[in-house]
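K.L.:
Before we start, here is the structure in question, set down as structure tokens.
The values are calculated or read from the model by the stated rules, or taken from the named source; none is laboratory data. Everything quoted here is computed from the prediction, not taken from an experiment. We place every Cβ from the backbone using ideal geometry, glycine too, and count neighbours over all the protein chains shown. Note: accessible area is taken over every heavy atom of the protein model, side chains too, but ligands, DNA and RNA are not part of it. Shrake-Rupley method; radii C 1.70, N 1.55, O 1.52, S 1.80 Å.
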Amino acid sequence: MPAVTPSDGPVAVTGASGYVGSHVVVALVKHGFTVHACVRDLNNPDKTNHLLDLNKNNYSGHVELFSANLLEADSYDTPFTDCYAVLHAGTPMGYGRANNPRQIYDGAINGTKNVLNSAKKVGTIKRFIYTSSFAAIHHPMKSGYLFTEKDWASDNRENDPNWSVDRIDEDGVMAYAMAKVDCEHIVYDFAEKSGQFDAASVCPIVVLGPLLSRLHERVYSWQWFVGQMLAGKTCEREWKSLWNIVDVRDVGEAQALMLESTVCKNGNRYQLCATDELGEISVLQVQAHLKKLFPKIDVGGPPEEIHKTIEKYGAVYQAPLAHCDRARKELGLKTHAIEDTLYETGKTLIDLGLVEPAFK
Ligand SMILES: NC(=O)c1ccc[n+]([C@@H]2O[C@H](COP(=O)([O-])OP(=O)(O)OC[C@H]3O[C@@H](n4cnc5c(N)ncnc54)[C@H](OP(=O)(O)O)[C@@H]3O)[C@@H](O)[C@H]2O)c1
């Protein structure tokens, strides 16, 4: 299918109010697209104001808001009408136990099927971009393994009891990864069978960078843990291994580039992760960056046990290693530096009043 450009017509974004979805909208508007931004609740200013404010800038694109629900069939028929692409970033997430593992899995699958059906029905869609996750790539491998888009979370799991549909109700992490793997296959197969549009995916990993709304601070999200550190608290998340960090602005930009790409075709996936080893860092290194970037704050760090781990093994577990080489080479994605990403995360958390910094 040919690339989609702003002159073709509007494009639609599901989950447009969310952290990732909002940055997809920003990137598209900067590229000059008219964006049908789909949110559930048009009456919640925390979900809509930052999107409508984009129309006050001098961007060549424009945002129009639509209301739709992933869990209702046909809900996207109206928002997708006249659109040339769908960027499907919405899904019921588990932040702060908002949804249980079954709701995460079923919501992803049923929501994606509903969106695909609407995309097919309107008849004008040429490209479909699915926000998958690095969870669909990552699978148990030895320390030091470099993941690429050829990897699937389902690889070598035939006899692995930890990877089973029977465990969806009890294991949210597995349910999320399985949902992402299954949804990717669903969108590629659906697109191929429909013959109407190509489908491709992005697989982001640890997403950080500027928050645009107070609602982008979801409890237990990566950005929430950065906020905890700026509040001087201990960071309990993934301190035994590496944070492999991608900027949320790069996750948005990559998707705009995918629409306009003449190379991107059905089944393509782009892992969105660190540019290089500078973005693959332990929580201790995240803390060190934050201390430099916010010198007046007494920044919290990982639990003390990390020092015992480092003493015993020399370093934290060197995983997951992965670089966004394909997105940079094929799409021409230019990535943000890790210092910029961490600074903007912290600054916006503070500016939005989401964190009370632990000033020295
Ligand atoms: N953040 C990360 O580190 C990360 C990493 C890898 C992949 N991802 C993927 O990125 C996507 C967005 O995640 P996020 O971190 O940006 O989460 P988020 O801020 O919670 O965004 C989720 C979005 O989904 C929408 N949504 C949920 N249930 C819905 C429903 N029933 N109907 C319509 N919309 C619904 C929400 O809309 P409402 O505002 O209406 O609730 C929200 O806009 C997800 O697919 C996630 O798997 C995120």
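K.L.:
How many of the residues making up the range 156-201 are closer than 14 Å to F134 by Cβ and in contact with a His (Cβ under 7 Å, 6 or more places away or on another chain)?
P.N.:
Looking only at that region, the number is 0.
K.L.:
On to the next question. Being touching a strand residue (DSSP E or B) at 6+ places or on another chain (Cβ under 8 Å), open to solvent by less than 60 Å² (accessible area, probe 1.4 Å) and under 30 Å from V86 (Cα atoms) is the filter here, so list the residues in the range 136-171 that pass it.
P.N.:
A136, I137, F147, T148, E149
Condition check ((1) in contact (Cβ under 8 Å) with a residue 60 or more places away in the chain; (2) touching a Phe, Trp or Tyr at 6+ places or on another chain (Cβ under 7 Å); (3) assigned to a loop (DSSP other than H, G, I, E, B)) across all residues:
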position	(1), (2), (3)
E64	no, no, no
N69	no, no, yes
A73	no, no, yes
D82	yes, no, yes
V86	yes, yes, no
P92	no, no, yes
N99	no, no, yes
D106	no, no, no
I109	yes, no, no
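K.L.:
Just one of V226, V219, V207 is within 12 Å of the ligand (Cβ to nearest atom), closer than 25 Å to F294 by Cβ, in contact (Cβ under 8 Å) with a residue 40 or more places away in the chain and assigned to a helix (DSSP H, G or I); which is it?
P.N.:
Result of the check over V226, V219, V207: V226.
K.L.:
In a loop (DSSP other than H, G, I, E, B), at pLDDT 95 or above and not aromatic (F, W, Y): does that describe G252?
P.N.:
Spelling it out, it is not the case that G252 is in a loop (DSSP other than H, G, I, E, B), at pLDDT 95 or above and not aromatic (F, W, Y).
K.L.:
Here's a follow-up. So G267 fits all but one of (1) open to solvent by 10 Å² or more (accessible area, probe 1.4 Å); (2) without any contact (Cβ under 8 Å) to a residue 60 or more places away in the chain; what number is the exception?
P.N.:
So the condition that G267 fails would be (2).
K.L.:
Then there is this: Check off (1) away from the ligand (no atom under 14 Å from the Cβ); (2) of a type outside the set (D, E); (3) surrounded by 19 or more Cβ atoms within 10 Å (Cβ to Cβ) for S22 and give me the number that stays unchecked.
P.N.:
All conditions pass for S22, except number (1).
K.L.:
Then there's this: If I go through the range 1-19 residue by residue, how many of them are open to solvent by 50 Å² or more (accessible area, probe 1.4 Å) and either modelled with pLDDT of 95 or more or assigned to a strand (DSSP E or B) (or both)?
P.N.:
Number of matching residues: 3.
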